Amino acid sequence: MSLSIFIGGTGSHAGKSWMAAAVCRFLKRRGYQVAPFKAQNMSLNSYPCREGGEIGRAQVAQAEACGLEPSADMNPILLKPNTDTESQVILLGKVWRNLPAHEYYLHFDFLLEQVLAAYGRLRAQYEFLVIEGAGSVSEINFRHVDLVNLGLARRLDAPGLLVADIDRGGVFASVAGTFAVLDQEERDVLRSFAVNRFRGDPALFGGGVRELENRAARKCLGVFPHLENVRLDEEDSVWFDRRAPRCGFGGDVAILQFPLCSNFTDFQLLPGAWWVDRPLGRQFRLVILPGSKNTLSDLAWMRARRLDDWVLRQHAGGARILGVCGGYQMLGEAIEDPHGIESDRGCAQGLGLLPVRTVLSPEKTTRVVEAQTPSGVRFSAYEIHMGVTARGHGFAPFAVVKDEPEGIRAGNCYGTYLHGALENPAVLEELRGASPPGEDPPVRDKDAAYDALADWFEQHADLRLFEELYL
């Protein structure tokens, strides 16, 4: 028999992904064969599975917490926004089609069938599935086309845990309001609730817990403190406060803040980097053009803000310029789009800093690789892109993958399709130059982070209540 738990939130960024990862690791340490599942995700931060295809980064982290290789069944539908009103739909890891929002739910019956089939395959392999919802469980206007929240949990007969974020304020209204707008069958799914990201003395919140329990008519699983010094790979960029002071490691690095920036986890070792959306009057050591879900759109945005000229001036002033994926394409001479994948304009001139030309293609490349820089630094990376880039002759590659050159190095300019390269401190330092005296990059030990999450859950959850409701 397969067990399951549904983890939903009072709203976006309440901490569902963290709670799901914590429960995954907790159950693994208890000896369960456990796997994550999120039916539908919207994210520009994805990762390729070794078996093929791409899924949301949060489900990759949860799979790692379970000690598993991620698979497309763990996140059967991934929506990658092209614009404010249209998304590329990734179905079971592969590009299915581009759909405007108003057409997406016309395919509800087919998509639900795919979701249930993916869940069934996982259920046949694992004895416990941790199911993450999306956004708020109380989006009652989507009740009739719910692929990912309480409608799905009801179909799967999965008991639910509601997660609320007290750090953002309004926890009483969010918990009580959630139960108030749900119908009785939806309320029955949610067996308990958790108060997340609490700061201060929990003893002072005892009366608050009792008030919430009275209004929700449910027991509180626990009051979970804000967890410092643990970072997981997130599915979107809300973790990064771009208004924070630019200090610490990476303070001499600028990253262009594209509207459709993808795979921002490339820069987690640069918490002090400047995210730039307009020309700044200072010289940087390293300027990065990150990945983009729509390269031609973000290239046009860059030109409209005159950031193209700014990048050229930074280069002339001695900055190293790095383009990753879409940023790599932008640094070349031209980007052609003969199939109209991103635009009907057909072709756009790049910044001309790299002797490469790119042709966008309908086939998406998704793969995990082992690479090595010309200086001998070995690192793991991954590719997710729709385009083929022809590089000029006589230039060193950015790296070597399976004895084949990848990317390019031309003077102080670099281009690569390898996401994750900058998550290796040695690669980052090779590109950026030596660290300022006494300054070291942050070190991330993922396995230790997952254990810290499980410890956090064990210490602050009512484990007897958890076993009674969910095991």
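So the values come out like this:
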{"quantity": "Residues satisfying the stated conditions in region 361-375, i.e. modelled with pLDDT of 95 or more and either of a type in the set (Gly, Ala, Ser) or under 17 Å from Asn294 (Cβ atoms) (or both)", "calculated": "Ala371"}
{"quantity": "Top-ranked residue in region 82-113 [being assigned to a loop (DSSP other than H, G, I, E, B) and surrounded by 17 or more Cβ atoms within 10 Å (Cβ to Cβ); ranked as modelled with the lowest pLDDT]", "calculated": "Asn82"}
{"quantity": "Residue within region 65-73 that is modelled with pLDDT of 95 or more, under 19 Å from Glu363 (Cα atoms) and outside any loop (DSSP other than H, G, I, E, B) present", "calculated": "yes"}
{"quantity": "In region 1-55, residue nearest to Met74 (Cα to Cα) [restricted to those that are assigned to a strand (DSSP E or B) and among the aromatic types (Phe, Trp, Tyr)]", "calculated": "Phe37"}
{"quantity": "Of the criteria (1) surrounded by 24 or more Cβ atoms within 10 Å (Cβ to Cβ); (2) over 14 Å from the mean Cα position of the chain (by Cα); (3) in contact (Cβ under 8 Å) with a residue 60 or more places away in the chain, which one Pro76 fails", "calculated": "(3)"}
{"quantity": "Restricting region 167-215 to residues that are part of a helix (DSSP H, G or I) and β-branched (Val, Ile, Thr), the residue that is farthest from Ala21 (Cα to Cα)", "calculated": "Val181"}
{"quantity": "Tally of residues being crowded, with 17+ Cβ neighbours inside 10 Å and more than 22 Å from Val230 (Cα to Cα) across region 456-471", "calculated": "3"}
{"quantity": "Qualifying positions in region 28-55 - touching a Cys at 6+ places or on another chain (Cβ under 8 Å) and either at pLDDT 95 or above or not assigned by TED's automatic domain parsing to the domain that holds Pro225 (or both)", "calculated": "Lys28, Val34, Ala35, Pro36, Ile55"}
{"quantity": "Failed item, numbered, when Tyr414 is tested on (1) under 24 Å from the mean Cα position of the chain (by Cα); (2) in a strand (DSSP E or B); (3) closer than 29 Å to Ala304 by Cα; (4) of a type in the set (Phe, Trp, Tyr)", "calculated": "(1)"}
{"quantity": "Some residue of region 292-302 being of a type outside the set (A, V, I, L, M, F, W, C) and within 16 Å of the chain's Cα centre (by Cα)", "calculated": "yes"}
{"quantity": "Extreme residue, surrounded by the fewest Cβ atoms within 10 Å (Cβ to Cβ), among residues of region 363-385 that are closer than 30 Å to Asp344 by Cα and β-branched (Val, Ile, Thr)", "calculated": "Thr365"}
{"quantity": "Meets criteria (closer than 27 Å to Asp451 by Cβ and surrounded by fewer than 24 Cβ atoms within 10 Å (Cβ to Cβ)) for Lys16", "calculated": "no"}
{"quantity": "Residue match in region 386-407 (condition: modelled with pLDDT of 95 or more, surrounded by 13 or more Cβ atoms within 10 Å (Cβ to Cβ) and in a helix (DSSP H, G or I))", "calculated": "no"}
{"quantity": "Of the criteria (1) touching a strand residue (DSSP E or B) at 6+ places or on another chain (Cβ under 9 Å); (2) aliphatic (A, V, I, L, M); (3) at pLDDT 95 or above, which one Val181 fails", "calculated": "(1)"}
{"quantity": "Condition met for Ala164 (farther than 23 Å from Ala58 by Cα and either outside any loop (DSSP other than H, G, I, E, B) or of a type in the set (Lys, Arg) (or both))", "calculated": "no"}
{"quantity": "Given (1) at pLDDT below 95; (2) surrounded by 21 or more Cβ atoms within 10 Å (Cβ to Cβ), number of the condition Gly272 does not satisfy", "calculated": "(2)"}
{"quantity": "Residue that is farthest from Val209 (Cα to Cα) [pool: residues in region 123-160 that are within 22 Å of the chain's Cα centre (by Cα) and outside any loop (DSSP other than H, G, I, E, B)]", "calculated": "Leu129"}
{"quantity": "Residue list for region 69-101, restricted to those being of a type outside the set (A, V, I, L, M) and closer than 28 Å to Asp447 by Cβ", "calculated": "Glu69, Pro70, Ser71, Asp73, Asn75, Pro76, Gly93"}
{"quantity": "Single residue of Arg168, Arg143, Arg197, Arg121 found to be touching a Pro at 6+ places or on another chain (Cβ under 9 Å) and assigned by TED's automatic domain parsing to the domain that holds His226", "calculated": "Arg197"}
{"quantity": "Tally of residues being of a type in the set (Ser, Thr, Tyr), touching a Gly at 6+ places or on another chain (Cβ under 7 Å) and in contact (Cβ under 8 Å) with a residue 60 or more places away in the chain across region 262-297", "calculated": "2"}
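For every residue, the table says whether it meets (1) touching a Cys at 6+ places or on another chain (Cβ under 7 Å); (2) within 25 Å of Tyr417 (Cα to Cα); (3) not basic (Lys, Arg).
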{"position": "Arg57", "(1), (2), (3)": "no, yes, no"}
{"position": "Cys66", "(1), (2), (3)": "yes, no, yes"}
{"position": "Asp73", "(1), (2), (3)": "no, no, yes"}
{"position": "Ile90", "(1), (2), (3)": "no, yes, yes"}
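The values are calculated or read from the model by the stated rules, or taken from the named source; none is laboratory data. Note that this is a predicted model, so its numbers are computed, not measured. Cβ atoms come from the backbone with ideal geometry, glycine included; neighbour counts cover every protein chain shown.
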